[in-house]
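Worksheet for the structure shown next.
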Amino acid sequence: MDTVLPITPEQPPPIEAPETVLLHSGMNVPGVFLTFASGAIFPMTAGIALYGWRAMLAIALVVSSAMSMAVVWRRIGLRGGQIRVAHMLWLSVVLAMMLPAHLAVNLENADWQVWPILPAAGATLVILNWLLGGLGVGRVHPVLATYLLMVALFGTILNPGSVLQRNSLFVGDVLDVGTGQPIAAIKDPWSSRPIVPSQAALRLPRASEQLHAFTRGNYDSWVSMDALVRDRVPPIQDLILGGQPGPIGMASIVAIAIGGLFLLYRGLIDYRIPLLIMLSLMLALYVLPVPIVISEKTDWRWLAIRDPRVGWATVMTFVHYEMLASPALFMAVFMATDPSVRPMAKWARAVYAIVIGILAAVSQRYISISGGPFVALLVGSLLTPYLDRLLRPKPLI
Amino acid sequence: MRVTQHPTFDPLPTPEILRVPLTPRGGVEAPTIRPAGTRVAAGERLATAVSQLDPWPIAPVAAEIVGTCSITLTNGRPVPAVELSTICDDSGVPEFLAPTLEAAPPADNDRGGWIDRLREAGLWIDRWTSPNLLAQLHDSLKRPIDTVVCSVLDGDPNLPIGAAIASQETERLITGVRRLAKITGATKILVVMQRRLLPDVAAAVKAAGGMSAVEMVNDYPQADPSILLATLLKRKLRPGRLPSDLGVLLVDSVAAVAVGRVEIDEQPMTSLPVALFHHSRNSTHLATMLVGSSLHDLLEVRQVASGGFVFRGGDVLRDRRISRHAVMAGSEIALHASPGPTSVNPDPCIRCGWCVEACPSNIHPAGLLDSVQRRDTKAAEHYGIAACVECGLCDYVCPSRLPILLGIRTMRKGGIKG
C-alpha cells in the first residue's frame, strides 16, 4: 500500500457531447412513404407543365379518392388495419402519374363521361391493395394490378394524344387541339417548334405508336429502320426533355431521372435496380430480333447492330428511341424499387433487375411498348420470394 | 464521441458499502468467503478458495466483511457477491489506497505462473469488447495462439473509454499486450485503433517494436469480437465463442492496461474506468470506480437526475438493461442513462430491407423475425441466427419499429444458440 490516490470531493464538469444518441433512427413508415412521394414531385411537375390543369385535376381526383377510400377501408377486417394513409398516398400518386391528363373532366367527342375513371382508379387501388396483402406483404404491385385492370377495361381511352405548346404551360387545356388532326411528321423539337395560334395544345403522333407499328410490321408501305428513325418518329429531345403526349408522370425522362436521384440520395431505393434494369433492357434490345425493313416480306435480324445494311448508328438510335418511348425508366425508378415487390438481398435484387430488364425488352418489342415494362415487372415481382430464398446474403461469420 | 481532448477519469469517493462479485459466472456455486466481521486490508483475498477459471475476489479498500449477497453486474448477469463495509480513517473518510501484490512476479517464461498472478491480482475482464480474459489465457495452454489483438476501438464511439485510457496509459498498454503475447506464445501483436485520433499511441506502438498499429475506422459495431476478427484476420468467430478458439487472444485497451499495471506497478485490479452517457443532458460522466461500487454511487456523487430513467450496460443499441444498483466489476464499463421507453405500436414490416443492409454480420434480420413469429427454428438457422452479434442496428434502422433484436434473443433462449 504505497500509493494514495487523491479524493476529489468537487465534481468534475461533465463533458458535453454535441450529438444526442438516439435509440432509433427516427424514420418511420409514414416518413418512408412521404419521402417516396416527394421524389414523385419532379415528374409530376413536368407532367402538370406539359399537360396543364387537367393533369393537376387528374392527380387530385385519383389521390383524393384513394385517401377517402383508405380511411373507410381501414375499418374492414384485420387486414384493413394494415392500410396506412401515407402508403396509399404514395401508391395513388404513382397510379395518377401512369394515367393520361385528358381523362380529367370529359372528352368532347366521347359518348360517355370518362372522368369517373379517375376516382374509380383510386378506389380500386385501395381495394386491390387490401386484397393483395396490405402494407408490405403483397407480391404484386397494387398500382400495377390497378393499372392493368384499367387498361383491360378502358383500352384506348387511356391513350394520350396531345401536349401543350410552350405558350400554354401549366394553365393550358391539353384537349384544346384545334381541328384535332394529328400532325403527321414533326421535325422541330418541342422547345423550338413554331407556335400554332388559337390553340393551347397540339395533337401529335406518339413515338411509341410509330415504333410499335414498325416492330409489328403494321406499315402498309415499304419502311426501313433508317427511314423510321429519320422521318417518322419525333425528335429525341422531345422524349428526353419533354414534349410528347404521354401519361402524366412520363412527360420527361429528365424529370423521372431527377426524381430517381432524389430517392437515391435519400437512401430509399437501391441504385442497382434501375441501373441494371435499364442496362439489361438496352442490351436485350440490341440482341433481340428486329425488322430491318418492312416490306412484303419483313426482314428480321438478331443483333442488328452487326448488320452492314443498317449500320450501328441507326440501330443505336432505334434502340434509344425504344428505351425512351416506353415507360421503362418510370417503372424502373418508381415501381420496381417498391419495397413490397423487390427482393431484400443485394444479389437477389441484381438478378431481379436483370430479369425484369430482359422481360421488358421482349415484351415491349413484341407485345406493347407502352405496356411491356409493366408486364415485365408483374412477372419479375412474382419471382421475388424465390430470389429472396435462393440468394440470401452470406453471413460474415 | 466527439470529445476533442481525452478526458481524465477522476476517482469517485469510496462508498460506504461495496459488493464485490465472487465469480464472473452466473449460475455457479459461490466460493466460500471469510467469516463475517473479518477485517480485510486493501488487496486482501475475500474468499478462501475459487475455481481455477475465476479471479480471486479481493478487497478494493480496507473493509469489514458483512456477508454474502446477490447482485447483478453491468451486463445484467446475476452473480453472488460479498458485501463489505468500508473502514473510515480518523477523519471519517473511507480510505482509498492502491494496494500492491505481495507475491513476487514469476519468471518471464512461466506461462502458468503469470496466469495465476493475473488471477491473484483479481484481474477480471469479461465484456462485449473484451471477452473473458482468464478463459482465453487458460485456452492458450491447450491450443496455440498465434496473434494477440488489442482493440483500442470503443464499442460505443460516444463513450471513448478505450481511446482515453490508451492515450493516458500507453506504456502500460504496450507492456500489458506484450506480457499477454509472452503468456500465450503469440508471435504477432496487433493494436487496432483509429490512428488519426490517436497519433501518439500509434507512434508509441510503432516505436515499441514487435507489434503493429492497425488502422481501423471505429464505426459501430466494429469493436465486436466477431466483426473485428472477420475484418482484421478473416477468421469467423461465432458470437459467444472465445477468440482463443481461432488462435487469437483479444483484449480491449482497458484490459491491456490492467495487465500492464500488474506487471509494472504490481497492483491488483481494484478499480476500473467507467463512462456514463446521460441522454437527456447530452453529457458524458467519466470516473474511476472501485470494484464493487454500484451505478447508484456514480449517480449520487455526480448528482445525475435519473428518476424514471432506463439504464443500459454496454452499447445503447444492444439494449442490455440494468438496474441502478448494478455493480461495477470486469463487465461493461460503458453505461447509458436515458428517459424511460415510450410505448411504440409497431407497424407491419414494409420490406424496406434496411435491416439487411445495415447488418454487419450479413444476416437477414427481417427473415429472422418472421421465423421467430412462426417459431420456425429451421428458417431462423437459414436466415443466419447463429451469426447475429446482437448489435441492435436492425432495431435502430427499422422504420416499422419492429422488435427484431428482442425476437432474436427470444429465439436464442428457446434453443438456438450462437
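Whether any residue in segment B:311-320 is facing chain A (nearest Cβ under 9 Å) and assigned to a loop (DSSP other than H, G, I, E, B) is what I want to check.
yes
Can you report the number of residues in segment A:120-157 which are more than 20 Å from A:Asp338 (Cβ to Cβ) and either touching a residue at least 60 places away in the same chain (Cβ under 8 Å) or hydroxyl-bearing (Ser, Thr, Tyr) (or both)?
Here is the first cut: in segment A:120-157, the ones more than 20 Å from A:Asp338 (Cβ to Cβ) are A:120, A:123, A:152-157.
From what is left, the residues that are either touching a residue at least 60 places away in the same chain (Cβ under 8 Å) or hydroxyl-bearing (Ser, Thr, Tyr) (or both) are A:156.
Going through segment A:120-157 one residue at a time, the tally reaches 1.
Considering only segment A:317-333, I want to know if a residue exists there that is away from chain B (no Cβ under 14 Å) and acidic (Asp, Glu). Step through it out loud before you land on a result.
First, pick out the residues of segment A:317-333 that are away from chain B (no Cβ under 14 Å): A:317-333.
Cutting the leftovers down to acidic (Asp, Glu) gives us A:322.
Yes, some residue in segment A:317-333 is away from chain B (no Cβ under 14 Å) and acidic (Asp, Glu).
Being more than 13 Å from chain A (Cβ to nearest Cβ) and over 27 Å from the mean Cα position of the chain (by Cα) is the requirement here; does B:Thr342 meet it?
On the way: more than 13 Å from chain A (Cβ to nearest Cβ): no; over 27 Å from the mean Cα position of the chain (by Cα): yes.
Here the answer is no, as B:Thr342 does not meet what is asked.
For segment A:332-349, enumerate the residues that are under 15 Å from B:Trp354 (Cβ atoms) and β-branched (Val, Ile, Thr).
A:Thr337
Among the listed residues A:Arg365, A:Arg349, which satisfies the condition of being under 29 Å from B:Lys236 (Cβ atoms) and either among the small types (Gly, Ala, Ser) or within 20 Å of the chain's Cα centre (by Cα) (or both)?
Details: A:Arg365 fails: under 29 Å from B:Lys236 (Cβ atoms).
Sole residue among the options that is under 29 Å from B:Lys236 (Cβ atoms) and either among the small types (Gly, Ala, Ser) or within 20 Å of the chain's Cα centre (by Cα) (or both): A:Arg349.
Can you tell me which residue is surrounded by the most Cβ atoms within 10 Å (Cβ to Cβ) among those in segment B:362-413 that are touching an Asp or Glu at 6+ places or on another chain (Cβ under 6 Å) and within 10 Å of chain A (Cβ to nearest Cβ)? Write out each step before concluding.
At the first step, the residues of segment B:362-413 found to be touching an Asp or Glu at 6+ places or on another chain (Cβ under 6 Å) are B:389, B:392, B:400, B:404-405.
Cutting the leftovers down to within 10 Å of chain A (Cβ to nearest Cβ) gives us B:389, B:392, B:400.
Numbers: B:Val389: 24, B:Gly392: 22, B:Ser400: 21.
By that ranking, first place goes to B:Val389.
Kindly provide the set of residues from segment A:319-331 that are in contact (Cβ under 8 Å) with a residue 60 or more places away in the chain and crowded, with 24+ Cβ neighbours inside 10 Å, ordered by number.
Within segment A:319-331, the first condition is being in contact (Cβ under 8 Å) with a residue 60 or more places away in the chain, and the residues that meet it are A:320-322, A:324-327, A:329-330.
Once the filter is applied, which keeps residues that are in contact (Cβ under 8 Å) with a residue 60 or more places away in the chain and crowded, with 24+ Cβ neighbours inside 10 Å, segment A:319-331 yields A:Glu322, A:Ala325, A:Ser326, A:Pro327, A:Phe330.
With the checklist (1) out of contact with any strand residue (DSSP E or B) (no Cβ under 6 Å at 6 or more places or on another chain); (2) surrounded by fewer than 23 Cβ atoms within 10 Å (Cβ to Cβ); (3) β-branched (Val, Ile, Thr) in hand, flag the one item A:Val310 doesn't pass.
It is condition (1) that A:Val310 fails.
Okay, residues lined up against (1) of a type outside the set (S, T, N, Q); (2) buried (at least 18 other Cβ atoms within 10 Å of the Cβ); (3) within 19 Å of the chain's Cα centre (by Cα):
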site: A:Val171; (1), (2), (3): yes, no, no
site: A:Lys187; (1), (2), (3): yes, no, no
site: A:Arg193; (1), (2), (3): yes, yes, no
site: A:Ala207; (1), (2), (3): yes, yes, yes
site: A:Ser224; (1), (2), (3): no, yes, no
site: A:Gly249; (1), (2), (3): yes, yes, yes
site: A:Gly260; (1), (2), (3): yes, yes, yes
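Give the residues of segment B:186-211 that are loosely packed, with under 14 Cβ neighbours inside 10 Å and of a type outside the set (Asp, Glu), sorted by residue number.
Just the residues of segment B:186-211 that are loosely packed, with under 14 Cβ neighbours inside 10 Å, to begin with: B:187, B:196, B:199-200, B:203, B:206-207, B:209-210.
Within segment B:186-211, B:Thr187, B:Arg196, B:Pro199, B:Ala203, B:Lys206, B:Ala207, B:Gly209, B:Gly210 meet the criteria.
Please find, within segment B:324-347, the residue that is modelled with the highest pLDDT out of those that are out of contact with any Phe, Trp or Tyr (no Cβ under 7 Å at 6 or more places or on another chain) and surrounded by fewer than 19 Cβ atoms within 10 Å (Cβ to Cβ).
B:His325
For B:Gly247, only one of the following conditions fails: (1) in contact (Cβ under 8 Å) with a residue 24 or more places away in the chain; (2) at negative phi; (3) more than 10 Å from every other protein chain (Cβ to nearest Cβ); (4) not polar (S, T, N, Q). What is its number?
(2)
On the given criteria, is A:Leu239 part of a helix (DSSP H, G or I) and in contact with an Asp or Glu (Cβ under 7 Å, 6 or more places away or on another chain)?
On the way: part of a helix (DSSP H, G or I): yes; in contact with an Asp or Glu (Cβ under 7 Å, 6 or more places away or on another chain): no.
Against the criterion (part of a helix (DSSP H, G or I) and in contact with an Asp or Glu (Cβ under 7 Å, 6 or more places away or on another chain)), A:Leu239 does not qualify.
Just one of (1) touching a Pro at 6+ places or on another chain (Cβ under 7 Å); (2) among the aliphatic types (A, V, I, L, M); (3) within 22 Å of A:Pro339 (Cα to Cα) trips up B:Ala387, so point out which.
If we test B:Ala387 against (1) touching a Pro at 6+ places or on another chain (Cβ under 7 Å); (2) among the aliphatic types (A, V, I, L, M); (3) within 22 Å of A:Pro339 (Cα to Cα), just (3) comes out false.
If I filter segment B:43-63 down to residues being of a type in the set (A, V, I, L, M) and within 18 Å of B:Arg119 (Cβ to Cβ), which single residue comes out as surrounded by the fewest Cβ atoms within 10 Å (Cβ to Cβ)? So that I can check it myself, show each step before the final result.
Restricting attention to segment B:43-63, the residues satisfying the condition of being of a type in the set (A, V, I, L, M) are B:46-47, B:49-50, B:53, B:58-59, B:61-63.
Among the residues that remain, those that are also within 18 Å of B:Arg119 (Cβ to Cβ) are: B:46-47, B:49-50, B:53, B:58-59.
Values: B:Leu46: 24, B:Ala47: 18, B:Ala49: 9, B:Val50: 18, B:Leu53: 15, B:Ile58: 25, B:Ala59: 31.
For segment B:43-63, the residue satisfying everything is B:Ala49.
Which of the residues spanning segment B:252-286 are within 11 Å of chain A (Cβ to nearest Cβ) and hydroxyl-bearing (Ser, Thr, Tyr)?
Selection gives B:Thr270, B:Ser271, B:Ser280, B:Ser283, B:Thr284.
Looking only at segment A:53-72, decide whether some residue is under 30 Å from A:Ser168 (Cβ atoms), part of a loop (DSSP other than H, G, I, E, B) and either within 14 Å of another protein chain (Cβ to nearest Cβ) or at pLDDT 95 or above (or both).
Looking for residues that are under 30 Å from A:Ser168 (Cβ atoms), part of a loop (DSSP other than H, G, I, E, B) and either within 14 Å of another protein chain (Cβ to nearest Cβ) or at pLDDT 95 or above (or both), one finds none in segment A:53-72, hence no.
May I ask you to list the residues in segment B:14-25 that are surrounded by 15 or more Cβ atoms within 10 Å (Cβ to Cβ) and part of a loop (DSSP other than H, G, I, E, B)?
B:Thr14, B:Pro15, B:Leu22, B:Thr23, B:Pro24, B:Arg25
So how many residues does segment B:321-345 have that are among the hydrophobic types (A, V, I, L, M, F, W, C) and assigned to a strand (DSSP E or B)? Reasoning before the result, please.
Going residue by residue through segment B:321-345, those that are among the hydrophobic types (A, V, I, L, M, F, W, C) are B:322, B:326-329, B:333-335, B:337, B:344.
When the remaining residues are screened for being assigned to a strand (DSSP E or B), the result is B:322, B:327, B:334-335, B:337.
Adding up the residues that qualify gives 5.
From the residues in segment A:25-51 that are part of a loop (DSSP other than H, G, I, E, B) and surrounded by 15 or more Cβ atoms within 10 Å (Cβ to Cβ), which one is modelled with the highest pLDDT?
The selected residue is A:Ala40.
Out of B:Arg196, B:Arg179, B:Arg261, B:Arg172, which single residue is out of contact with any strand residue (DSSP E or B) (no Cβ under 7 Å at 6 or more places or on another chain), of a type in the set (Lys, Arg) and not in a helix (DSSP H, G or I)?
On the way: B:Arg179 fails: not in a helix (DSSP H, G or I); B:Arg261 fails: not in a helix (DSSP H, G or I); B:Arg172 fails: not in a helix (DSSP H, G or I).
Exactly one of B:Arg196, B:Arg179, B:Arg261, B:Arg172 is out of contact with any strand residue (DSSP E or B) (no Cβ under 7 Å at 6 or more places or on another chain), of a type in the set (Lys, Arg) and not in a helix (DSSP H, G or I), namely B:Arg196.
Among the numbered conditions (1) within 7 Å of chain A (Cβ to nearest Cβ); (2) among the basic types (Lys, Arg); (3) under 21 Å from B:Ile71 (Cα atoms), tell me where B:Arg302 comes up short.
Result: B:Arg302 fails condition (3) only.
With the checklist (1) farther than 19 Å from B:Gly330 by Cα; (2) within 14 Å of chain A (Cβ to nearest Cβ); (3) modelled with pLDDT under 90 in hand, flag the one item B:Ala98 doesn't pass.
The failed condition is (1).
Do we have A:Val351 as part of a helix (DSSP H, G or I), buried (at least 22 other Cβ atoms within 10 Å of the Cβ) and aliphatic (A, V, I, L, M) here? Steps first, please.
On the way: part of a helix (DSSP H, G or I): yes; buried (at least 22 other Cβ atoms within 10 Å of the Cβ): no; aliphatic (A, V, I, L, M): yes.
Spelling it out, it is not the case that A:Val351 is part of a helix (DSSP H, G or I), buried (at least 22 other Cβ atoms within 10 Å of the Cβ) and aliphatic (A, V, I, L, M).
Cβ-Cβ below 9 Å, separation at least six or inter-chain, first residue in segment B:210-238 and among the β-branched types (Val, Ile, Thr), second surrounded by fewer than 20 Cβ atoms within 10 Å (Cβ to Cβ) and part of a helix (DSSP H, G or I): which pairs?
B:Val214/B:Leu232
Any residue at all in segment B:205-227 that is within 14 Å of another protein chain (Cβ to nearest Cβ) and either over 21 Å from the mean Cα position of the chain (by Cα) or under 21 Å from B:Ala329 (Cα atoms) (or both)?
yes
For segment B:290-299, how many residues are in contact with a Pro (Cβ under 9 Å, 6 or more places away or on another chain), away from chain A (no Cβ under 11 Å) and buried (at least 24 other Cβ atoms within 10 Å of the Cβ)?
4
The values are calculated or read from the model by the stated rules, or taken from the named source; none is laboratory data. On a predicted model such as this, the values are computed, not experimentally measured, just so you know. As a convention, Cβ positions derive from the backbone with ideal geometry for all residues, glycine included, and neighbour counts pool all protein chains shown.
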